[in-house]
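Scroll down for the structure; my scribbles are underneath it.
Please treat every number below as a calculation from the coordinates, not as lab data. Bear in mind that the values here come from a model prediction, so they are computed numbers and not experimental data. Counting neighbours? That spans all protein chains shown, and the Cβs are built from the backbone with ideal geometry, glycine included.
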Amino acid sequence: MRIADLIERLGRSVFETPFGAGAEVAGDSPEIAEVRIALLDEIKKKIQRAGGKALFPYNVVRIAIRADGTDAAVFERDFFRNFFEEEVRKGLAKESCRYPADLRVEIRAITGDTREKGKWLRVETVAEDAPPPSEAPRLKRAGKLVVVSGTANKSEVPLQKTRTNIGRLIDVYKEEGLSRRNDLAFAEDSPINRTVSREHAHIIHDKKTGEYRLYNDRWYKPGNKAESNCGLWIVRDGMGQEVHRDMRGTRLLPGDEIHLGKAVLKFQIK
């Protein structure tokens, strides 16, 4: 689905279906209207009742949507995040439902995940505490990655974008064409670089909170022995922590070592 098709479908039909009309969260090529309907249906299921009043106690709505190629970057742009956040707020208001003032929507596109055939959307609601005021300045400092082991196209990468991709090649192609462009690539042929996958990982930067989260983009079948060696982990305070494929990711802290096979990166805060 191309960006022009998304915008056309958005203008044509996204406002035609009311809140809570229900939808099957299935299929291979979701339209924006279908995403909206399925999202609002999931939100309605989370509404609680207290003293005869409707309450939505969650301040974070995480959407994971399966997309291919350039569509992945399209869904993660601020345009769609702002749109779905506004739709959630309007839907809750129509239900006379109280919700947190800091309610926000996060969108992550999942590429190449075929483990759950037919399922293209997952929604997670979370109640998060705001960080203490004393921590806010520290969280909002800019992060960067420094290559410690392996040979990459850059010795260090500032994490200035919302999404930073990491993998073996700069440009990753599939049958239909360009699938992904890695910001940090280990393209040179060497024993260490060969342990890095073409689409190994990515980092999402939440510019509101300053938080950085690491996600595993490698694909391995559940139950396969490869699952016990997911190929991505961090080392913090001398202890290793595996980072498996999920929609939440792992929060990065200054000084964390990121291991992609045998290649190693250091996460730093400027």
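Details
- Unit charges on C-beta of K, R, D, E only; dipole of the stretch 143-184, Debye: 140
- Each peptide in 180-190, 89-99 gets a packing score, the mean of other Cβ atoms within 10 Å over its residues, and the list from highest to lowest is 180-190, 89-99.
- Percent of Cα pairs in the stretch 143-270 per distance bin of 10 Å, from zero to the largest separation: 13, 46, 35, 6, 0.
- Model label points for A127 and K207, set 7 angstrom from Cα along the Cα-to-Cβ axis, are 3.1 nm apart.
- Taking 0.36 nm per residue of separation and subtracting the Cα-Cα distance, full extension of the segment from R77 to R141 would add 20.9 nm.
- Extension gain for the segment L103 to T162, taken as residue separation times 0.36 nm less the Cα-Cα distance, is 19.3 nm to one decimal.
- Potential lengthening between K270 and S190 on full extension [0.36 nm per residue; Cα-Cα distance subtracted]: 25.8 nm
- With the largest listed first and rounded to whole Å, the semi-axes of the equivalent ellipsoid of the stretch 152-199 from the Cα gyration tensor are 17, 17, 7.
- Model label points for V235 and A93, set 7 angstrom from Cα along the Cα-to-Cβ axis, are 5.2 nm apart.
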